[in-house]
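Undergrad: After the structure tokens below, expect a handful of questions from me.
The values are calculated or read from the model by the stated rules, or taken from the named source; none is laboratory data. Remember, it's a predicted structure, so these values are computed and weren't measured experimentally. Quick reminder, even Gly has a Cβ in these numbers, built from the backbone with ideal geometry, and neighbours come from all protein chains shown. Ligands, DNA and RNA are excluded from the accessible area calculation, which covers all protein heavy atoms including side chains. Shrake-Rupley method; radii C 1.70, N 1.55, O 1.52, S 1.80 Å.
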Protein chains: 4
Amino acid sequence: MRVGVLTGGGDCPGLNAVIRAVVRKGVQQYGYDFIGFRDGWRGPMEGDTVPLDIPAVRGILPRGGTILGSSRTNPLKSEGGIRQIKENLAKHEVDALIAIGGEDTLGVAAQLADEYGIKVVGVPKTIDNDLSATDYTFGFDTAVNIATEAIDRLHTTAESHMRVLVVEVMGRHAGWIALHSGLAGGANVILIPEQRFDVAKVCAWVESRFKVRYAPIVVVAEGAMPRDGDMVLKDESLDAFGHVRLSGVGEWLAKEIERRTGKEARTTVLGHVQRGGTPSAFDRWLASRFGLHAIEAVRDGDWGKMVALRGTDIVRVPISEATAKLKTVDPAEYAEAEVFFG
Amino acid sequence: MRVGVLTGGGDCPGLNAVIRAVVRKGVQQYGYDFIGFRDGWRGPMEGDTVPLDIPAVRGILPRGGTILGSSRTNPLKSEGGIRQIKENLAKHEVDALIAIGGEDTLGVAAQLADEYGIKVVGVPKTIDNDLSATDYTFGFDTAVNIATEAIDRLHTTAESHMRVLVVEVMGRHAGWIALHSGLAGGANVILIPEQRFDVAKVCAWVESRFKVRYAPIVVVAEGAMPRDGDMVLKDESLDAFGHVRLSGVGEWLAKEIERRTGKEARTTVLGHVQRGGTPSAFDRWLASRFGLHAIEAVRDGDWGKMVALRGTDIVRVPISEATAKLKTVDPAEYAEAEVFFG
Amino acid sequence: MRVGVLTGGGDCPGLNAVIRAVVRKGVQQYGYDFIGFRDGWRGPMEGDTVPLDIPAVRGILPRGGTILGSSRTNPLKSEGGIRQIKENLAKHEVDALIAIGGEDTLGVAAQLADEYGIKVVGVPKTIDNDLSATDYTFGFDTAVNIATEAIDRLHTTAESHMRVLVVEVMGRHAGWIALHSGLAGGANVILIPEQRFDVAKVCAWVESRFKVRYAPIVVVAEGAMPRDGDMVLKDESLDAFGHVRLSGVGEWLAKEIERRTGKEARTTVLGHVQRGGTPSAFDRWLASRFGLHAIEAVRDGDWGKMVALRGTDIVRVPISEATAKLKTVDPAEYAEAEVFFG
Amino acid sequence: MRVGVLTGGGDCPGLNAVIRAVVRKGVQQYGYDFIGFRDGWRGPMEGDTVPLDIPAVRGILPRGGTILGSSRTNPLKSEGGIRQIKENLAKHEVDALIAIGGEDTLGVAAQLADEYGIKVVGVPKTIDNDLSATDYTFGFDTAVNIATEAIDRLHTTAESHMRVLVVEVMGRHAGWIALHSGLAGGANVILIPEQRFDVAKVCAWVESRFKVRYAPIVVVAEGAMPRDGDMVLKDESLDAFGHVRLSGVGEWLAKEIERRTGKEARTTVLGHVQRGGTPSAFDRWLASRFGLHAIEAVRDGDWGKMVALRGTDIVRVPISEATAKLKTVDPAEYAEAEVFFG
């Protein structure tokens, strides 16, 4: 049995841990061969491969990024993309494919499995934690830790100067990173994409915080939007990867707060620091277990399935089910956090 | 309504986060008064209290330890202990008690609630993660991160000198810290209390690791024991808190490995570093949510219950049920990890 | 003897360590009294004080920021400022003043000492490390560590996506943070304010890096400027504290690199994260020693002097000498680093 | 010109940064060839080499340990050792040698240069910081940061339980790590090998600390000894590398404190965690600059010299001078720290 492995979409701490677990277990327990495809779906489309064996995965567990490279190439949007993949899988004698990626990558995997009969197993990945069917995705815990540490640091500068500090964190469609890092970092306001915010209310929280001689930290997800619709981003165009560029909501909000409250406000945009570097212990553990269970699904011939975390168990769910709906922040959980605002 | 709060047992990152959440929500949303009892059950027994209000909980979220102090005093083992508690609760006009602690502290809480009609709500705490009824306890993730970071550091010294490094981590009865940090740190052998280990097999893994020019890391829980029963600890007596002292299994194992393989071996005993200092983001989030739900249980008059994590939900379970049985490592999950040994 | 203490200018990790050392030694060894002035020179101008004794400095060593608050108030620019200071020092029976601050704060201190006979001792502070007469200032090492850790994290995301990552670090007039964190982080280009840069050369380095299948990291100080003068900052106005706002050189440079090389480029602006939070061990040590030597200078009546680091010794130099000239990066040291470019 | 490189003695964060700098500058600016010798002096004695070029040093800057391996082999103590080295240098056409190491490794280098005319340049290395002629050695700052972070964590557990925590850090002959981490971590007692300590005085400090309701942290260098000579180490034998084994002074002292004060005391022995893992930013900067200046010394034919840090400058000194005398803690600097004791 020869198994192909690819990683697609934005990079994420823990990808290498998945690859290592898949290969270690596949080779040692099942005697499989492996082949790596470079840069997500571009690899099998163009037949761009890289050797993948035990020595290739040594020492990669603590390393961020992916040794296979990544891209957002989508074979479904490319004339003849599926045919190319089928040809290249045949040419390299690949019996099964493990696709590690987010909504887009897994969406392709689901269609390849369901409509074209390709033997695919999926592993979910997104630092945004917005995939349904799994309690958590690896990368998220690392991102939250990095954002929390940054918020910890900003508290002291806020208080020494009695300034407002606005921290813009990742999350275009889901506010998980903002909610968790805001709660963990002791933020005084947390703003998420799921609920449009009221600038006047934000300013009221800011001012109530100053009244107790503490300086406020406002955590805002990059995709959060003001309720009143008067926000004009400096530069609204999305980049090639669909990310909002700098000069987004964080900077806008700091200026609004300055204008309305007369208090000095500063913005920090954490950006790509949140998705790089060594994974947290939790993410290494989760990614390793996802890898071990993915190769087990291959052995069981359980095609079109994706591994997922439920409580402390790793289970399998149909990929198509998992990618059907974005997992956004539950309004009740967000409401819970409001007791810490202001 | 006046609510008493106490923290018992070994300290644990996240205790302060629970206290803060309880007080913030209790005061702001329900208008409750609070009173802190010092040093676990010693506080209500001796009437040793400390004021607990919003200013008292400012800034404590990121701080390890507990502002209330802790001890292992057990009123059930003390003549008249229960009577003293009842009297002191009455004297301080305390209507309900929130007890934050591990097996022992919660065991007392369960009996007080079930047999003596005291209005108690519990919050589970143990860095060992060995409490049933909850997926995780706060403090565990922090401990695993600290141990993993130490293992990361030890890899380089092991490899530069081609030495064996034995890392002894916490876990007298359950191997959760060893298993998770060992997996996350890329250990080559993981030994847990749940399964007696075979020194000969450990040495075989050590030697197979050297064959690929990498140096082995052995992670051993303080409570792990060799299969053959020939281990003699230098100093077997437990300390007053029931912890095995230094010079335990880690040091013993390193000497055995040296003797049997002829390879140099060194031991690191992480000790109390694992339970101190600022909590990880996950532990701050979990501890805060536990606190919010505990005060909700008080409002609902849901006595004798404990908050618990199930997946991503906080639920309530009878304290007595939760403390009945130690949650040890599932043999299947341990077996999964063996693919990384050697 | 009663000694006043104030902290002025931008906050900086280590300020609290200085305050603690001054008070501990002053009280315990010399029997002095202390009084804190709030918010830099604003404190003595307006007579805004805070008690300062041993209990007040407990536990502040590892905390960033300053318990005394800070501001950029300059009494020399305020009608009657000097008179107010003299009156308030007399009113509070302050015999000597310890001023902890950067170029501006110390410039005021020097004039007060030299021209108005006020008994002042200075302690240098700037995360930018641009004060003459001292090898290092505390806060700098912390900032460099934070920036280096961010660069470490960005390497993996750069390489997984074969992108350019531009990291903008602090340093308006001096490139010390950029040079040290760039060297330590393995940056492929380092740009400093002391030398205008050539965008074409930057792009050449970027492209040569891609040729070896590694992705480039460009570290740029916020005050660095292109040689050709064609840079237009989106928003050139400085803020009230003299800092260039976001949307500065980093973002501009990323766009230029994209335009000229066709490679994707992203910017991370580390911002205030660099100056907040707990100080590094070196900064705590340096700040503590500065404090101990400052109070010794007070005891010796060595007015108008500032403590400074020379090698591993703490010495005293005239404040006026120390603030006369900005310490910028030595061209030879910068040239040394070029071997790592590209 | 072909240059050999070796690393000897205990491993140390920053070794790889030196190797990388030497090779980058040697190849790119001077056109030299390089060859790596494995495991310190064992490499040139046995002719055990490893290729060393630009690709070999990619990505090693942030990695602890040494890609060349290390050992404590001493050719001067081995019959015919010098002859073997000369033969192997000739056989591999090595024109000059860069030896990176501590007292022992450099002592050999000095003799090879001075008595046998071998063209050697030295780079000093020791985490203990006990080499004369240089302000600091790389590795020391990393060790101090790790120890300080551990002390930070132990404060909270000490205070929650009102316990004494004894932290044993590295330093057999010199107390630099203890002094710097103790100062930075806010220890209440610091004990160094340079001055025998008085257990009664240690207990007095411990008790005075409890009086202000704070729990004491005692930092003790592994080589510190009590004044009264009544210390009996459990296991006095040194290991093959000359390190005192576990069960040393820290554990002994904790028991003495318990016995004399009746307070609970715990010991943490940080051990090899202090010398492994990624170097701090300062150590990466210092090690890189040492490497750049070492290869410059080779180009200048400045044999028998060692690079050294003086203030912020890298200078060259005769190796023999640098290794003649151990740099121990200055009594005045130690006395300075006493104000923080108790």
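Undergrad: Restricting to the stretch B:253-288, give me the number of residues that are out of contact with any strand residue (DSSP E or B) (no Cβ under 8 Å at 6 or more places or on another chain) and either closer than 18 Å to B:ILE151 by Cβ or modelled with pLDDT under 90 (or both).
TA: Looking only at that region, the number is 4.
Undergrad: Out of C:GLU159, C:GLU149, C:GLU168, report the one residue that is acidic (Asp, Glu) and more than 9 Å from chain A (Cβ to nearest Cβ). Spell out the reasoning first.
TA: Values: C:GLU159 fails: more than 9 Å from chain A (Cβ to nearest Cβ); C:GLU149 fails: more than 9 Å from chain A (Cβ to nearest Cβ).
Testing whether each residue is acidic (Asp, Glu) and more than 9 Å from chain A (Cβ to nearest Cβ) leaves just C:GLU168.
Undergrad: From the list C:ALA337, C:ALA265, exactly one residue is among the hydrophobic types (A, V, I, L, M, F, W, C), open to solvent by less than 30 Å² (accessible area, probe 1.4 Å) and assigned by TED's automatic domain parsing to the domain that holds C:VAL199. Which is it?
TA: Details: C:ALA337 fails: assigned by TED's automatic domain parsing to the domain that holds C:VAL199.
That would be C:ALA265, the only listed residue that is among the hydrophobic types (A, V, I, L, M, F, W, C), open to solvent by less than 30 Å² (accessible area, probe 1.4 Å) and assigned by TED's automatic domain parsing to the domain that holds C:VAL199.
Undergrad: Can you tell me which condition C:ALA174 does not meet? The list is (1) away from chain A (no Cβ under 14 Å); (2) over 16 Å from the mean Cα position of the chain (by Cα), and all the others hold.
TA: (2)
Undergrad: Now for a separate question. Suppose we filter A:VAL298, A:VAL249 for residues that are closer than 22 Å to A:MET170 by Cβ and of a type outside the set (Gly, Ala, Ser); which single one remains? So that I can check it myself, show each step before the final result.
TA: Values: A:VAL298 fails: closer than 22 Å to A:MET170 by Cβ.
The unique qualifying residue is A:VAL249.
Undergrad: Let me ask something additional. Here are some residues: B:THR156, B:THR148. Which one is of a type in the set (Ser, Thr, Tyr), within 30 Å of B:GLU256 (Cα to Cα) and open to solvent by 20 Å² or more (accessible area, probe 1.4 Å)? It would help to see each step written out before you state the result.
TA: Details: B:THR148 fails: open to solvent by 20 Å² or more (accessible area, probe 1.4 Å).
It is B:THR156.
Undergrad: Restricting the search to the stretch A:276-299, which residues are open to solvent by 20 Å² or more (accessible area, probe 1.4 Å) and either hydroxyl-bearing (Ser, Thr, Tyr) or within 8 Å of chain C (Cβ to nearest Cβ) (or both)? Can you show your working first?
TA: Residues of the stretch A:276-299 open to solvent by 20 Å² or more (accessible area, probe 1.4 Å): A:278, A:282, A:293, A:296, A:299.
Selection gives A:THR278 alone.
Undergrad: Identify, from the list C:ILE118, C:ILE127, the residue that is of a type in the set (A, V, I, L, M) and crowded, with 24+ Cβ neighbours inside 10 Å. I'd like the intermediate steps shown before the answer.
TA: Values: C:ILE118 fails: crowded, with 24+ Cβ neighbours inside 10 Å.
Every option except C:ILE127 fails the conditions.
Undergrad: Can you name every residue in the stretch A:278-328 that is part of a strand (DSSP E or B) and not hydrophobic (A, V, I, L, M, F, W, C)? First the steps, then the outcome.
TA: Initially, the stretch A:278-328 is screened for residues part of a strand (DSSP E or B), giving A:305-310, A:313-318, A:326.
Within the stretch A:278-328, A:LYS305, A:ARG310, A:ASP313, A:ARG316, A:PRO318 qualify.
Undergrad: Please give the number of the condition D:GLU336 fails out of (1) touching an Asp or Glu at 6+ places or on another chain (Cβ under 6 Å); (2) of a type outside the set (A, V, I, L, M); (3) within 12 Å of chain C (Cβ to nearest Cβ).
TA: Going through the list (1) touching an Asp or Glu at 6+ places or on another chain (Cβ under 6 Å); (2) of a type outside the set (A, V, I, L, M); (3) within 12 Å of chain C (Cβ to nearest Cβ), D:GLU336 breaks only (1).
Undergrad: Continuing with the same structure: Within the stretch D:302-334, how many residues turn out to be without any contact (Cβ under 8 Å) to a residue 12 or more places away in the chain and open to solvent by 50 Å² or more (accessible area, probe 1.4 Å)? Break it down into steps so the answer makes sense when it comes.
TA: Start the filter on the stretch D:302-334 by keeping residues that are without any contact (Cβ under 8 Å) to a residue 12 or more places away in the chain, which leaves D:312-313, D:315, D:330, D:332.
Going one step further and asking which of them are open to solvent by 50 Å² or more (accessible area, probe 1.4 Å), we end up with D:313, D:330, D:332.
The total comes to 3.
Undergrad: Hey, another quick one. Against the conditions (1) more than 10 Å from every other protein chain (Cβ to nearest Cβ); (2) open to solvent by 10 Å² or more (accessible area, probe 1.4 Å); (3) modelled with pLDDT of 95 or more, where does B:TYR136 fall short? Just the number, please.
TA: Against the list (1) more than 10 Å from every other protein chain (Cβ to nearest Cβ); (2) open to solvent by 10 Å² or more (accessible area, probe 1.4 Å); (3) modelled with pLDDT of 95 or more, B:TYR136 comes up short only on (1).
Undergrad: Taking the stretch D:10-20 on its own, how many of its residues are outside any helix (DSSP H, G or I) and more than 10 Å from every other protein chain (Cβ to nearest Cβ)?
TA: Of the residues in the stretch D:10-20, 1 are outside any helix (DSSP H, G or I) and more than 10 Å from every other protein chain (Cβ to nearest Cβ).
Undergrad: Going by the conditions given, is D:GLU87 among the acidic types (Asp, Glu), at pLDDT 95 or above, open to solvent by 40 Å² or more (accessible area, probe 1.4 Å) and assigned by TED's automatic domain parsing to the domain that holds D:ILE257? Working first, answer last.
TA: Details: among the acidic types (Asp, Glu): yes; at pLDDT 95 or above: yes; open to solvent by 40 Å² or more (accessible area, probe 1.4 Å): yes; assigned by TED's automatic domain parsing to the domain that holds D:ILE257: no.
Taking the combined requirement at face value, the residue does not satisfy it.
Undergrad: In the stretch D:150-190, which residue that is at pLDDT 95 or above, among the small types (Gly, Ala, Ser) and touching a Gly at 6+ places or on another chain (Cβ under 7 Å) is farthest from B:SER70 (Cα to Cα)?
TA: For the stretch D:150-190, the residue satisfying everything is D:GLY171.
Undergrad: Could you count how many residues in the stretch D:26-57 are within 14 Å of chain B (Cβ to nearest Cβ), among the small types (Gly, Ala, Ser) and on the phi > 0 side of the Ramachandran plot?
TA: So the answer is 1.
Undergrad: Another question, then. Out of everything in the stretch A:179-197 that is more than 17 Å from the chain's Cα centre (by Cα) and of a type in the set (S, T, N, Q), what residue ends up being surrounded by the fewest Cβ atoms within 10 Å (Cβ to Cβ)?
TA: A:GLN195
Undergrad: Do we have any residue at all in the stretch B:199-213 that's within 14 Å of another protein chain (Cβ to nearest Cβ) and either on the phi > 0 side of the Ramachandran plot or buried (at least 23 other Cβ atoms within 10 Å of the Cβ) (or both)?
TA: Within the stretch B:199-213, the subset within 14 Å of another protein chain (Cβ to nearest Cβ) is B:205, B:208-213.
After this cut, where a residue has to be either on the phi > 0 side of the Ramachandran plot or buried (at least 23 other Cβ atoms within 10 Å of the Cβ) (or both) as well, the list is B:213.
Within the stretch B:199-213, one or more residues are within 14 Å of another protein chain (Cβ to nearest Cβ) and either on the phi > 0 side of the Ramachandran plot or buried (at least 23 other Cβ atoms within 10 Å of the Cβ) (or both).
Undergrad: Now a separate question. All but one of (1) under 18 Å from D:PRO13 (Cα atoms); (2) surrounded by 23 or more Cβ atoms within 10 Å (Cβ to Cβ); (3) in contact with a Gly (Cβ under 6 Å, 6 or more places away or on another chain) hold for D:THR142; which doesn't?
TA: D:THR142 satisfies every listed condition except (3).
A quick yes/no check of all residues on (1) under 17 Å from the mean Cα position of the chain (by Cα); (2) not in a loop (DSSP other than H, G, I, E, B):
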site: C:VAL50; (1), (2): no, yes
site: C:LEU68; (1), (2): no, no
site: C:ILE82; (1), (2): no, yes
site: C:GLU87; (1), (2): no, yes
site: C:THR105; (1), (2): yes, yes
site: C:ALA110; (1), (2): no, yes
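Undergrad: Please enumerate the residues belonging to the stretch C:21-44 that are open to solvent by 20 Å² or more (accessible area, probe 1.4 Å), closer than 26 Å to C:HIS272 by Cβ and part of a helix (DSSP H, G or I).
TA: C:ARG42
Yes/no matrix, rows are residues, columns are (1) among the aliphatic types (A, V, I, L, M); (2) in contact (Cβ under 8 Å) with a residue 60 or more places away in the chain; (3) over 18 Å from B:ARG24 (Cα atoms); (4) part of a loop (DSSP other than H, G, I, E, B):
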| residue | (1), (2), (3), (4) |
| --- | --- |
| A:LEU179 | yes, yes, no, no |
| A:GLY182 | no, yes, no, no |
| A:ALA187 | yes, yes, no, yes |
| A:ILE190 | yes, yes, no, no |
| A:GLU194 | no, yes, yes, yes |
| A:LYS201 | no, no, yes, no |
| A:SER208 | no, yes, no, no |
| A:TYR214 | no, no, no, yes |
| A:GLY223 | no, no, yes, yes |
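Undergrad: Does the stretch B:127-177 hold any residues that are in a loop (DSSP other than H, G, I, E, B) and touching a His at 6+ places or on another chain (Cβ under 8 Å), and which are they?
TA: Applying the first criterion (in a loop (DSSP other than H, G, I, E, B)) to the stretch B:127-177 yields B:127-130, B:132-139, B:162-163, B:170-175.
B:ASP128, B:ASP130, B:ARG172 - these are the residues of the stretch B:127-177 that are in a loop (DSSP other than H, G, I, E, B) and touching a His at 6+ places or on another chain (Cβ under 8 Å).
Undergrad: For the stretch B:163-197, name all the residues that are in contact with a Phe, Trp or Tyr (Cβ under 8 Å, 6 or more places away or on another chain) and of a type in the set (Val, Ile, Thr). Walk me through it before giving the result.
TA: Step one: list which residues in the stretch B:163-197 are in contact with a Phe, Trp or Tyr (Cβ under 8 Å, 6 or more places away or on another chain), which gives B:175-177, B:179-180, B:183-184, B:186-192, B:194-195.
Once the filter is applied, which keeps residues that are in contact with a Phe, Trp or Tyr (Cβ under 8 Å, 6 or more places away or on another chain) and of a type in the set (Val, Ile, Thr), the stretch B:163-197 yields B:ILE177, B:VAL189, B:ILE190, B:ILE192.
Undergrad: Can you list residue pairs whose Cβ atoms sit under 8 Å apart, with the first residue in the stretch B:58-75 being away from chain D (no Cβ under 11 Å) and the second being among the aromatic types (Phe, Trp, Tyr)? Count only pairs 6 or more apart in sequence or on different chains.
TA: Correct list of pairs: B:ARG58/A:TYR214; B:THR73/B:TRP41; B:ASN74/B:TRP41; B:PRO75/B:TRP41.
Undergrad: Does A:SER160 satisfy the criteria of being in contact with a strand residue (DSSP E or B) (Cβ under 9 Å, 6 or more places away or on another chain) and farther than 21 Å from A:LYS327 by Cα?
TA: Working: in contact with a strand residue (DSSP E or B) (Cβ under 9 Å, 6 or more places away or on another chain): yes; farther than 21 Å from A:LYS327 by Cα: yes.
Yes: the conditions hold for A:SER160.
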